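Step one of this worksheet: look at the structure below.
The values are calculated or read from the model by the stated rules, or taken from the named source; none is laboratory data. None of the values given here were measured: they were computed from a predicted structure. So basically every Cβ, Gly included, is an ideal-geometry build from the backbone, and we count neighbours across all protein chains shown. The accessibility values were calculated without ligands, DNA or RNA, using every heavy atom of the protein model including side chains. Shrake-Rupley method; radii C 1.70, N 1.55, O 1.52, S 1.80 Å.
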Amino acid sequence: MQKLLTTESLIRHHYLEEKDAPRVEWLWDEIRRLKRERNVFLPAHNYQVPEIQAVADFVGDSFELAVKSREIESDYVVFCGVRFMAEGCYTLKPETPVYVPSLRALCSLAEVDEADVAERKEWLRSLGRDFSTMTYVNTYAPVKALSDACCTSSNAPKIAAGLGKPDILFVPDQNLAYQVALKTGRMYLPPPERNEFHPKEYWERVEPLIREGEKQGLQGNVFAWEGACHVHHEMTEQDILRIRAEDPEAVVVVHGEVKPSLQKLADAVLSTSQMIKYVDAHPEKQRFAILTECGLVVRMELEHPEKQFYKSCRLCQYMKANDLENVYETLRDRPADRLVTVEESVREGAARAMSRMIELARA
């Protein structure tokens, strides 16, 4: 991405106005200078705007960024993603200061109360369920610390298969929980409504499904949490059906955070980095619909101008809170309020869960 991207290509693809090009080029030069002079590592998620990806030292999905965090040898980090990612970087490399460019770079999916997770775990224990708690990386450290292992969209089924328990409490994305159940031979148990967990009523709802799974010979169950990514959850079956009608030859690829009904209609269900590799690995395919956050589709359009990409994606306001201006300001000033830390007692538990994810994913 860094070699391919110029202001000219951004202007040509209508991602940048010509009048703004001098400012972008100046910011690129200043960011590169500050990184070099201050020994700063600048990682970026695949959903970041292309101007940021152009000056990043590493661009990847959540799993790749987590692995990279353990290898950092810089004096400090400016993490271009959302806060839980920066927190994960600090969790795995606490001796290195980590900053976020914007305090608005949060994540609605990550807003899970650790007390609620502890309550759900206790409820499952009271039922005598033999389970592991598996937490998506899209959570904050106190929730990660309550889990047996973390996972990302690229490795969730593999992590679940490696935990060695029949039941999985999957927190917090209900749609990725469906993928885990499907790919590991478990029964998917739909979540309660948000803020409406009533143990007796919920058990009456899912017990018949558990019994059905036992009759089918499934190896266990995935208890889904009542969370969803607001970007992916808003995508609809009509998004896919419209593309199928307009262009039956287009390849439809969706993220694991979309609803199960969309996953069933897609040609492939992949993480962001898997989507990039999929397009690279199929030069014979010329037309794609990539249903995920639009930042990734922008990157694909810039890297593959010979291909056509249908815009069935959505924008994430949290990912787009970072821009070149606040990245530059953070590198220059290191504002104290943008420094990310985690209480040590919590960090240790979260680091254990994240490290187990990396170990199981590599097994």
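A few remarks follow.
Conditions tested, residue by residue: (1) more than 28 Å from Leu360 (Cβ to Cβ); (2) in contact with a Pro (Cβ under 9 Å, 6 or more places away or on another chain); (3) at pLDDT 95 or above; (4) aromatic (Phe, Trp, Tyr).
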position: Pro157; (1), (2), (3), (4): no, no, yes, no
position: Ala160; (1), (2), (3), (4): no, no, yes, no
position: Asn175; (1), (2), (3), (4): no, yes, yes, no
position: Trp225; (1), (2), (3), (4): no, yes, yes, yes
position: Ala245; (1), (2), (3), (4): yes, no, yes, no
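- Scanning the stretch 107-145 for residues being within 19 Å of Val180 (Cα to Cα) and acidic (Asp, Glu) gives a total of 1.
- Elements of type helices (runs of 4 or more DSSP H) contained in the stretch 19-96, each with 2 or more residues being open to solvent by 10 Å² or more (accessible area, probe 1.4 Å), out of contact with any Pro (no Cβ under 7 Å at 6 or more places or on another chain) and under 25 Å from Glu359 (Cα atoms): 62-69, 83-92
- Output for the stretch 330-343, where each listed residue is surrounded by 15 or more Cβ atoms within 10 Å (Cβ to Cβ) and of a type in the set (Asp, Glu): none
- Residue match in the stretch 276-285 (condition: in contact (Cβ under 8 Å) with a residue 40 or more places away in the chain and either open to solvent by 50 Å² or more (accessible area, probe 1.4 Å) or out of contact with any Lys or Arg (no Cβ under 6 Å at 6 or more places or on another chain) (or both)): yes
- Any hit, the stretch 299-316, residues being among the acidic types (Asp, Glu) and either within 19 Å of Asn175 (Cα to Cα) or in a strand (DSSP E or B) (or both): no
- Beta carbons closer than 9 Å, at least 6 apart along the sequence or on distinct chains, never pair a first residue in the stretch 226-243 that is touching a residue at least 40 places away in the same chain (Cβ under 8 Å) and more than 25 Å from Asp116 (Cα to Cα) with a second that is assigned to a helix (DSSP H, G or I) and among the hydroxyl-bearing types (Ser, Thr, Tyr).
- Any hit, the stretch 203-226, residues being of a type outside the set (A, V, I, L, M, F, W, C), within 30 Å of Tyr310 (Cβ to Cβ) and assigned to a helix (DSSP H, G or I): no
- Just one of (1) in contact (Cβ under 8 Å) with a residue 40 or more places away in the chain; (2) of a type in the set (Lys, Arg); (3) within 30 Å of Lys183 (Cα to Cα) fails for Arg347. It is (3).
Matching residues to (1) charged (D, E, K, R); (2) closer than 23 Å to Asn138 by Cβ; (3) crowded, with 20+ Cβ neighbours inside 10 Å:
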| position | (1), (2), (3) |
| --- | --- |
| Tyr178 | no, yes, yes |
| Ala181 | no, yes, yes |
| Ile210 | no, no, no |
| Gly217 | no, no, no |
| Val231 | no, yes, yes |
| Glu234 | yes, yes, no |
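- In the set Leu124, Leu103, Leu109, only one residue is of a type outside the set (Ser, Thr, Tyr) and buried (at least 20 other Cβ atoms within 10 Å of the Cβ); that residue is Leu109.
- Count - residues of the stretch 134-163 that are open to solvent by 10 Å² or more (accessible area, probe 1.4 Å), of a type outside the set (Lys, Arg) and either touching an Asp or Glu at 6+ places or on another chain (Cβ under 9 Å) or in a helix (DSSP H, G or I) (or both): 11
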